[in-house]
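Since the structure comes first, as structure tokens, the remarks are kept for the end.
What follows draws every value from the coordinates through simple rules; no lab data is involved. As the structure is a computational prediction, the values presented were derived from the model and not from experiment. Using ideal geometry, Cβ is built from the backbone for each residue, glycine included, and neighbour counts are taken over all protein chains shown.
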Amino acid sequence: MEQKRQHFLLVTYPAQGHINPVLHLARRLAAANGAAVTFSTAVSAHRRMFPSLAAPDDEVQDGPVAHIPFSDGFNEEGFVWGTHDVHHYLSQLRTLGSSSVSSILQRLHGRGSPVDCVVYTFFLPWAADVARANGVPSAQYWIQPATVFAIYYHYFHGYSSLITTACNSEDPMSTTIDLPCLPSLRARDLPSFLTIQPDDPYAVVLSMFKDTLDTLDRKCALSSSKPIVLMNTFAELEEDALSAVEGLTLIPIGPILSSDAGRDLFKLDEKGYMEWLDSKPHGSVVYVSFGSVRKEQMEEILNGMKDSGRPYLWVLRRECRWEGLELQDDDENGMVVEWCSQVEVLSHPSVGCFVTHCRWNSTVESLVCGVPTVGVPQWTDQATNAVLAEKSWGTGVRGEVNGEGVLGREELKRCLDLVMGEGESSVRIKRNVELWRDKATEAMSAGGSSYQNLRKFVDGITKSGQTIF
């Protein structure tokens with residue numbers, strides 16, 4: 001008798017930084033483990049992913065992954081920070097999202113394809129409550145490093161005063177913060193939501209993280225088994241951080257990357273950048289990708305790259321370009337594009353450095369592809385990711401910004417020389433990059449730690465509604 005395939009419902013917050021890693025996990029589950037996978041995000045994001053739909057909430061079968069959106073009450077344009085009231089949105093997200101996801105679970109059950117496990121990202125802790133109400137086990141998918149998870153966990157479990165005192169000290173930039181099983185950190189190394197002022201528009205995000213952890217605590221109290229948190233990292237990379245949290249089962253299943261670099265649902269126009277990379281010497285190109293950039297920062301990057309004399313590929317959306325700034329889309333030494341397949345670019349042999357804000361997705365991709373980084377973190381987990389890359393793994397350097405938060409052209413050139421030059425630091429960084437690239441590849445390969453963890457998680461979903469790990 002053929003064994004029934006496990007069916008996973010992946011529910012994600014409607015932001016690209018959440019959607020892409022969850023899509024990658026969906027494809028990994030379907031490809032490597034043969035599971036049935038349904039992906040669900042808010043209707044507004046679903047519309048952006050599939051703009052040709054007759055109705056915005058139409059279901060889509062995209063290869064092995066089915067897409068069924070949920071409603072968050074902002075189905076037309078989606079929630080916009082700074083435009084809509086965030087507290088109203090979060091209330092709508094919880095109320096309407098819970099009802100909508102519950103309906104999806106019931107609909108799939110009625111079709112003879114019941115869901116065996118709900119996997120959700122942070123900011124959607126109510127998805128665990130919906131799963132429990134429908135008799136379905138759940139697991140959280142943490143899309144930042146385990147170190148950041150442990151920092152938030154410690155903050156909300158007895159260490160908030162220690163962290164706050166250090167951040168408010170006379171010299172917060174040099175005062176060290178020592179948390180269990182984590183490297184010594186400074187205030188500037190912490191996730192930004194722990195250090196912003198209460199009147200900041202994004203201060204509410206800290207309460208969203210608290211809700212996420214409170215849900216795990218409640219789940220722990222209601223069950224004899226530890227709640228599961230899937231981590232987009234691998235055991236060898238963050239061994240200490242993965243053991244920093246008691247009462248939860250942290251399962252490293254990464255690095256989770258897209259298995260098909262050409263299938264990005266948010267893809268824009270291509271410009272022949274791969275052919276341009278083909279024309280450059282091995283390890284010579286600087287890849288720059290920041291997202292939104294201030295005019296002053298854009299000027300410094302442009303002039304810094306010109307001063308360095310190194311060829312560069314810069315990803316910059318047209319709406320982020322400033323009027324009056326001479327930014328040629330391509331010339332002999334540089335090329336500016338609106339979009340590129342990042343994994344494809346980082347895998348190209350001509351790329352020798354990645355200048356990045358250090359989002360976790362980008363940090364993981366640089367590790368897997370074996371490319372050193374120059375980190376210029378701005379907010380959220382980026383500063384922690386940058387210090388991990390520089391201090392813990394030795395795979396890059398962190399650029400020092402000025403009082404306005406801008407990385408100057410001379411500092412950019414200095415960092416590029418450290419990473420790509422002929423000195424001892426460059427040799428050491430390149431050696432470390434190769435080491436972690438090989439470890440990441442091994443973890444993902446058949447028999448590797450993350451491969452085995454993911455398979456064990458899938459196999460552990462039982463008909464009785466329990467997970468075994």
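Relative intensity of segment 33-73 on a log10 scale, I(q)/I(0) at q = 0.23 Å⁻¹, equals -0.70, per a Debye sum over C-alpha point scatterers of equal strength in the absence of solvent.
The alpha carbon convex hull volume per residue for segment 11-82 rounds to 78 Å³. All other residues with a Cβ under 15 Å from the Cβ of THR165 taken together, and with Lys, Arg as +1 and Asp, Glu as -1, what is their net charge? Charge balance near THR165 sits at -2. Considering every Cα-Cα pair within segment 202-247, what fraction, in whole percent, is farther apart than 17 Å? Counting every Cα pair in segment 202-247, those more than 17 Å apart make up 49 percent.
Counting other C-beta atoms within 10 Å, and keeping those with at most 14, which DSSP coil trypsin sites (Lys or Arg not before Pro) do you find in segment 58-144? Could the numbers behind the result be given before it?
Numbers: sites: ARG94, ARG107, ARG111, ARG132; in loops: ARG111.
The qualifying sites are ARG111.
Out of all Cα-Cα pairs in segment 352-413, roughly what percent, to the nearest whole number, are more than 14 Å apart?
Numbers: 938 of 1891 pairs.
Percentage above 14 Å: 50.
Here is the result for segment 198-243: no trypsin sites (Lys or Arg not before Pro) lie in DSSP coil with at most 11 other C-beta atoms within 10 angstrom of their C-beta.
For a quick check of your reading of the filter: which GluC sites (Glu not before Pro) in segment 39-122 sit in a DSSP loop and have no more than 10 other Cβ atoms within 10 Å? Write down the numbers at each step before the final one.
Working: sites: GLU59, GLU76, GLU77; in loops: GLU59, GLU76, GLU77.
Taking segment 39-122 and a limit of 10 other Cβ atoms within 10 Å, the loop GluC sites (Glu not before Pro) found are GLU76, GLU77.
Here, the chain is characterised by an Rg to Rh ratio of 0.95, where Rg is the alpha-carbon radius of gyration and Rh the Kirkwood radius. Within segment 63-173, all pairs of alpha-carbon atoms sorted by distance into 5 Å bins from zero give the percentages 2, 10, 14, 16, 15, 16, 11, 7, 4, 3, 1, 0, 0. Each Lys or Arg adds one and each Asp or Glu takes one away; over the other residues whose Cβ falls under 14 Å from the Cβ of ARG359, this sums to -2.
Per-residue ellipticity at 222 nm from helix content only, as computed over the chain with -39500 (n - 2.57) for each DSSP H run of at least four residues, stands at -12000 deg cm²/dmol.
Just report the Cα centroid separation between segment 44-85 and segment 232-253, whole Å. Between the Cα centre of segment 44-85 and that of segment 232-253, the gap is 32 Å. Across the alpha-carbon atoms of segment 273-442, the computed radius of gyration and Dmax are 14.7, 48 angstrom.
Summing +1 for each Lys or Arg and -1 for each Asp or Glu, what net charge is found among the other residues whose Cβ lies under 15 Å from the Cβ of LEU53? Could you put the intermediate results ahead of the total?
Working: positive: ARG47, ARG48; negative: ASP57, ASP58, GLU59, ASP62, GLU76.
Net of charged neighbours comes to -3.
Stokes-Einstein D for segment 1-146 at 25 °C, 0.890 mPa s, Kirkwood Rh over Cα pairs, in µm²/s? If you can, show how the numbers build up before the last one.
Details: Rh = 15.5 Å.
Estimated via Stokes-Einstein, D reaches 159 µm²/s.
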